[in-house]
Each structure stands twice: as structure tokens, then as C-alpha cells.
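Working notes for the structure below.
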Amino acid sequence: MGRDVIVALDFPNAENTFNFLSKFENHNQKPFVKIGMELFYAEGQKIVREIKARGHKIFLDLKLHDIPNTVKSAMRSLSKLNVDMLNVHAEGSIEMMKAAVEGLTNDNGERPLLIAVTLLTSISQEVMNNELLISRPLDEVVTAYAQNVFKAGLDGVVCSPLEAGKIHENVNKNFLTVTPGIRFADNDKGDQARVTTPLKAKELGSDFIVVGRPITKAENPVEAYEKCINEFCKG
């Protein structure tokens, strides 16, 4: 699976989701899509199966974070959905992440990609220091979390594009970096604190970028998607 753009389907219901996806019916490439908490909690497993049946690769973004046995059991259930990528929170510990791998792996030893969130891109150094009471530099914490994810046997991390290169250098060059916080140069940052453009994310070493509002809220979503593909995947 090479470098790709993942479109975040941050919609409240199936109707809005399929209205959006219908814009790509005649497109030569079915977008890789992300189903997050909002849509999954509203529509359940059915919408995952419907989108998969339409030919889309799926990143199921539920960020599991619980005791190891609970996460293992949850992953065993989610493994039946045949998605392409899932995630957990790295803060849940190496033991929890190992349990997630075990629950997700089928009897043939195969499983989807499994990644872990380091720190949410809405977290700044100030928030980390003053609210979470973590005093170390943000990039040092992200790198340490990523090293734990690698030790646990996962495939990569969710991180800011600003941290992708350092993670490749300090963990493993083939360790995947999946990076939200993507905006075009003329977009507002919204609630993201650590953001960059698709082109800059490519230069920084991101393997996948997750793009929501710059595509889903665009006047022409297909054109915005193609702009992301051209900046991030080509050349």
C-alpha cells in the first residue's frame, strides 16, 4: 500500500455520507476513506460494510483505549468487518497494544494495518504541560510513544506531519506515519494545532494524510480531492 490520501467521512449519518460519496461515482479512483466515532456510533457496522461493498478502502478510526483484555475482545469483533486499517491509543500501554494485535489477527496470521495515536493534533505543548501535566517536550513524547508502538508490533502511528520525519529517523524508516492536520495553504486551521499542507506533509515524510473539511466542505469536493492527490501522491 503506497502513499495515499484518506478522506475523513466526518458526517452525522448515512444519508450525508452517501450523498458525499456519490460525487465520486464516476471518478477513476475510489477514495480511501476514514470512518470515525461520529459516523460509526450513529450508523454502526452496517455502514462500514456498505462502504466496503462500494469498493472503498477503509480506515476505521475508533481509537480504542481500555484494559488489554477489553481491547483484545473489541478487536476480535472489529476484525470481521474486513477494513484496511484500525487504530488504538498509544497511551494505553505496550501490553494493551500487543493485546490489540492478538485480537485483530486471524487464524491464518493475517490482519489489517494497525496503528496507534501518539498525541492528538489538537494538543499543543501548552495544553500538554498545563492540563495533562506532561513536562517533556512534545516531540520527545511523540517519539517515545512511537517507539512503544513499534515495540508492541504495530505498523505505525497517527501523528502530526511535523513529526513524521523524526519518527522515521528514530523508530524505523518503514514504520507508517498517518497524519491528520492537513489544510491547504488558504484554509483555516480549525481546531487543529499542528497542521501543514499536503505538499509539505509529503516533503516531511508522511505515508498517508487524513483530510476532512478541506475536501468534504469544499465547493467542489472532487476537485479538492484531486488537488490533494496531485500534491501528495504524484511527482
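The values are calculated or read from the model by the stated rules, or taken from the named source; none is laboratory data. Everything numeric here is computed off the predicted structure, so don't read it as measured data. Every residue, glycine as well, gets a Cβ built from its backbone with ideal geometry; the counts of neighbours run over all protein chains shown. When the accessible area is computed, the model is the full protein with side chains, heavy atoms only, and any ligands, DNA or RNA have been set aside. Shrake-Rupley method; radii C 1.70, N 1.55, O 1.52, S 1.80 Å.
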Fill in: Among (1) open to solvent by less than 50 Å² (accessible area, probe 1.4 Å); (2) touching a residue at least 24 places away in the same chain (Cβ under 8 Å) - the single one His65 does not satisfy
(1)
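For segment 70-156, give me every one of the helices (runs of 4 or more DSSP H) that falls completely inside it and has 1 or more residues that are under 30 Å from Arg49 (Cβ atoms) and more than 19 Å from the chain's Cα centre (by Cα). Walk me through how you get there before you give the answer.
Working: elements: 94-104, 125-130, 138-151.
Hits in segment 70-156: 94-104.
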Practice prompt. Considering only residues that are assigned to a helix (DSSP H, G or I) and over 15 Å from Asn220 (Cα atoms), look in segment 1-26 and name the one that is nearest to the chain's Cα centre (by Cα).
Written response: Thr17
Practice prompt. Quickly run through segment 141-166 and pick out the residues that are modelled with pLDDT of 95 or more and touching a helix residue (DSSP H, G or I) at 6+ places or on another chain (Cβ under 8 Å).
Written response: Tyr145, Ala146, Gln147, Asn148, Val149, Lys151, Ala152, Gly153, Leu154, Gly156, Val157
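Which of the residues that make up segment 32-51 are open to solvent by less than 50 Å² (accessible area, probe 1.4 Å), in contact with a Leu (Cβ under 8 Å, 6 or more places away or on another chain) and not in a strand (DSSP E or B)? Step through it out loud before you land on a result.
Just the residues of segment 32-51 that are open to solvent by less than 50 Å² (accessible area, probe 1.4 Å), to begin with: 32-36, 39-40, 44, 47-48, 51.
Restricting the remaining residues to those that are in contact with a Leu (Cβ under 8 Å, 6 or more places away or on another chain) gives 33-36, 39-40, 47-48, 51.
Of everything in segment 32-51, those that are open to solvent by less than 50 Å² (accessible area, probe 1.4 Å), in contact with a Leu (Cβ under 8 Å, 6 or more places away or on another chain) and not in a strand (DSSP E or B) turn out to be Leu39, Phe40, Ile47, Val48, Ile51.
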Worksheet entry | Failed condition for Gln29, given (1) open to solvent by less than 50 Å² (accessible area, probe 1.4 Å); (2) farther than 28 Å from Met96 by Cα; (3) outside any helix (DSSP H, G or I) | (1)
